[in-house]
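The values are calculated or read from the model by the stated rules, or taken from the named source; none is laboratory data. Remember, it's a predicted structure, so these values are computed and weren't measured experimentally. Every residue, glycine as well, gets a Cβ built from its backbone with ideal geometry; the counts of neighbours run over all protein chains shown. Areas reflect the complete protein model, heavy atoms only, side chains present, ligands, DNA and RNA absent. Shrake-Rupley method; radii C 1.70, N 1.55, O 1.52, S 1.80 Å.
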Amino acid sequence: QVQLVESGGGLVQAGDSLRLSCAASGRTLSRYAVGWFRQAPGKEREFVAAVTRSGGSTIYADSVKGRFAISRDNAKNTVSLQMNSLKPEDTAVYYCAAGSVLRLTTATTDYDYWGQGTQVTVSS
């Protein structure tokens, strides 16, 4: 098993940046593809970004493409999400998730382990 802990959330203004981190313990994170998801109040959890085990490939939701960047440091057992040009509609609880899948996937059901989430609030 792997345990995931997110950090870095907070309250910012529109146009600001935040960097979220996901730290893993237990099994090495390099065994897993990692994704970031978010859930706003009253809405379904939605895919944000994902990165392969090696970090060589990434995918993004259209709503964040060009503004967010996912990266990983397998030596440090961490995955980060750099969020730039934040908008009020980015407000949500952000979760990182790890899955044993070999391909990049946007489906929540493909991820086996989840963190507890970190709140991001963007004011206008």
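Here are a few things to note about the model shown:
- Breaking point among (1) touching a strand residue (DSSP E or B) at 6+ places or on another chain (Cβ under 7 Å); (2) touching a residue at least 60 places away in the same chain (Cβ under 8 Å); (3) closer than 19 Å to T118 by Cα, for F68: (2)
- Yes/no for A50 being outside any loop (DSSP other than H, G, I, E, B) and either farther than 28 Å from A14 by Cα or out of contact with any strand residue (DSSP E or B) (no Cβ under 6 Å at 6 or more places or on another chain) (or both): no
- Looking only at the stretch 43-57, residues that are surrounded by fewer than 16 Cβ atoms within 10 Å (Cβ to Cβ) and either modelled with pLDDT of 95 or more or hydrophobic (A, V, I, L, M, F, W, C) (or both) come to 4 in all.
- From the options S21, S80, S71, S25, residue that is of a type outside the set (D, E, K, R), outside any loop (DSSP other than H, G, I, E, B), under 18 Å from L4 (Cβ atoms) and at pLDDT below 95: S25
- Exactly one residue out of V79, V120, V64 is of a type in the set (V, I, T), more than 24 Å from P41 (Cβ to Cβ) and open to solvent by less than 10 Å² (accessible area, probe 1.4 Å), and it is V79.
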